[in-house]
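S.K.: One structure, as structure tokens, below. Some questions next.
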Amino acid sequence: MTLHSLVNRLHDGLRAFRTAQGGNVVFTFALVMIPMIGFVGAAVDYSRGNSAKAAMQAAVDSTALMLSKEALSLNSAQLNARAMDVFTALFNRTDVFNISIKPVFTSPEQGSFRIDVAGTGEVATTFTKLLGHHKLKVNVTSEVLWGMKKLELALALDNTGSMASSGKMANLKTAAHTLLDVLKKASKKDGDVKVAIIPFDTTVNIGKSYQNRDWFDIESIDCNGWKKGNGCNKTNWRENWEGCVRDRAQPYDVLDTSPTTADTKTLYPVYDCGDIAEALPLTSK
């Protein structure tokens, strides 16, 4: 074979190689596989991160609710420690590290309260680590609002004769004290919560400070029988009165109709107090 023929063959071969398309699929597939693996890996890592975030959000929500019950009685250091203790007990994802839980307790306005809990953490990547992303950051927040602007509560406590048996009176006192403790903890400042204590009975000691009001019926009761031997009469009963009244005539004994001298049935009969304690008006003390 001559040199000229060899050169021509080599030239034809190079031209055929240059125009050939049969092997392009291999090169194209090899090039496309790199970003495809990256996208699939990113999706896997994102799914793991999203799962960790959902679990962390649920734990932070529960932590915020738990703290709202205790925040009023905790200082800042105690609140931080309690938040971490509660979160740790609820969150069991070992793939999340560098966890931080930060609670913030505030009172936006009188009688209302707010606690914000922010949680952060990190999740190690797998596939996307090859692209230089070694971890995913997880951030969650939760907010709880509660409270009351003002509360005025009157406790009508039964102290009739039926309460003397089966420990009823002792249980009533325990329940009343428990309620007062709860209200005291819920009160941020004096005056947020006021409580009055009124006996549920036919006779109530309203106190002698009301003696000059025109609420009283002194015709329907024997003043001397009320305080025997003291010379009590319709004109001097105020000097001997200890502050007690009985329930009104029917139907006003079960109505809140205002008393008026035009109808004596709406007035309150004065009565002997005996050892009846004075009713407690609304107070925050």
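S.K.: For segment 251-265, what are the residues that are without any contact (Cβ under 8 Å) to a residue 12 or more places away in the chain and within 44 Å of the chain's Cα centre (by Cα)?
M.R.: Kept after step one, since they are without any contact (Cβ under 8 Å) to a residue 12 or more places away in the chain, are these residues of segment 251-265: 251, 253-258, 260, 262-263.
Those that are without any contact (Cβ under 8 Å) to a residue 12 or more places away in the chain and within 44 Å of the chain's Cα centre (by Cα): Pro251, Asp253, Val254, Leu255, Asp256, Thr257, Ser258.
S.K.: If you don't mind, there's one more thing I want to ask. Met163 is checked against (1) loosely packed, with under 13 Cβ neighbours inside 10 Å; (2) not assigned by TED's automatic domain parsing to the domain that holds Thr125 and fails just one. What number does that condition carry?
M.R.: Of (1) loosely packed, with under 13 Cβ neighbours inside 10 Å; (2) not assigned by TED's automatic domain parsing to the domain that holds Thr125, only one is false for Met163: (1).
S.K.: For Asn171, state whether it is exposed (fewer than 15 other Cβ atoms within 10 Å of the Cβ) and in the same structural domain as Ala43 (by TED's automatic domain parsing).
M.R.: Values: exposed (fewer than 15 other Cβ atoms within 10 Å of the Cβ): yes; in the same structural domain as Ala43 (by TED's automatic domain parsing): no.
No, not satisfied.
S.K.: Taking the options Ala83, Ala77, Ala118, Ala58, name whichever one is in a helix (DSSP H, G or I), at pLDDT 90 or above, surrounded by fewer than 18 Cβ atoms within 10 Å (Cβ to Cβ) and within 19 Å of the chain's Cα centre (by Cα). Give the derivation first.
M.R.: Working: Ala83 fails: surrounded by fewer than 18 Cβ atoms within 10 Å (Cβ to Cβ); Ala77 fails: within 19 Å of the chain's Cα centre (by Cα); Ala118 fails: in a helix (DSSP H, G or I).
Residue meeting the stated conditions: Ala58.
S.K.: Residue by residue through segment 137-169, note down the ones that are touching a Leu at 6+ places or on another chain (Cβ under 9 Å) and farther than 28 Å from Arg114 by Cα. Explain how you work it out, then say what you get.
M.R.: Restricting attention to segment 137-169, the residues satisfying the condition of being touching a Leu at 6+ places or on another chain (Cβ under 9 Å) are 142, 144, 151-155, 157-159, 163.
If the condition is that a residue be touching a Leu at 6+ places or on another chain (Cβ under 9 Å) and farther than 28 Å from Arg114 by Cα, then Leu155, Leu157, Asp158, Asn159, Met163 are the ones that fit.
S.K.: Within segment 125-141, track down each residue that is modelled with pLDDT under 85, surrounded by fewer than 17 Cβ atoms within 10 Å (Cβ to Cβ) and touching a strand residue (DSSP E or B) at 6+ places or on another chain (Cβ under 9 Å).
M.R.: Across segment 125-141, the qualifying residues are Lys129, His134, Lys135.
S.K.: Out of the residues in segment 203-227 that are at pLDDT below 85 and assigned to a loop (DSSP other than H, G, I, E, B), state the one that is nearest to Lys173 (Cα to Cα).
M.R.: Start the filter on segment 203-227 by keeping residues that are at pLDDT below 85, which leaves 218-227.
With assigned to a loop (DSSP other than H, G, I, E, B) added as a condition, the list becomes 218-222, 227.
On the way: Ile218: 34, Glu219: 37, Ser220: 34, Ile221: 33, Asp222: 35, Lys227: 31 Å.
Selected residue: Lys227.
S.K.: To continue, here is another question. Among the residues that make up segment 181-196, is at least one of them β-branched (Val, Ile, Thr), loosely packed, with under 13 Cβ neighbours inside 10 Å and free of Cβ contacts under 8 Å to residues at least 24 places away in the same chain? First the steps, then the outcome.
M.R.: First, the residues of segment 181-196 that are β-branched (Val, Ile, Thr): 182, 193, 195.
Subset that is loosely packed, with under 13 Cβ neighbours inside 10 Å: 182.
Imposing the further condition that a residue be free of Cβ contacts under 8 Å to residues at least 24 places away in the same chain reduces the set to 182.
Within segment 181-196 (the criterion being β-branched (Val, Ile, Thr), loosely packed, with under 13 Cβ neighbours inside 10 Å and free of Cβ contacts under 8 Å to residues at least 24 places away in the same chain), the answer is yes, since at least one residue qualifies.
S.K.: Of everything in segment 248-285, what is part of a loop (DSSP other than H, G, I, E, B) and polar (S, T, N, Q)? Give them in sequence order. I'd like the intermediate steps shown before the answer.
M.R.: Restricting attention to segment 248-285, the residues satisfying the condition of being part of a loop (DSSP other than H, G, I, E, B) are 248-251, 255-259, 261-262, 267, 272-277, 279, 284-285.
Matches in segment 248-285: Gln250, Thr257, Ser258, Thr261, Ser284.
The values are calculated or read from the model by the stated rules, or taken from the named source; none is laboratory data. Every value quoted in this text rests on a predicted model; they were computed, and no experiment measured them. Note that we place each Cβ from the backbone using ideal geometry, even for glycine, and neighbour counts take in every protein chain shown.
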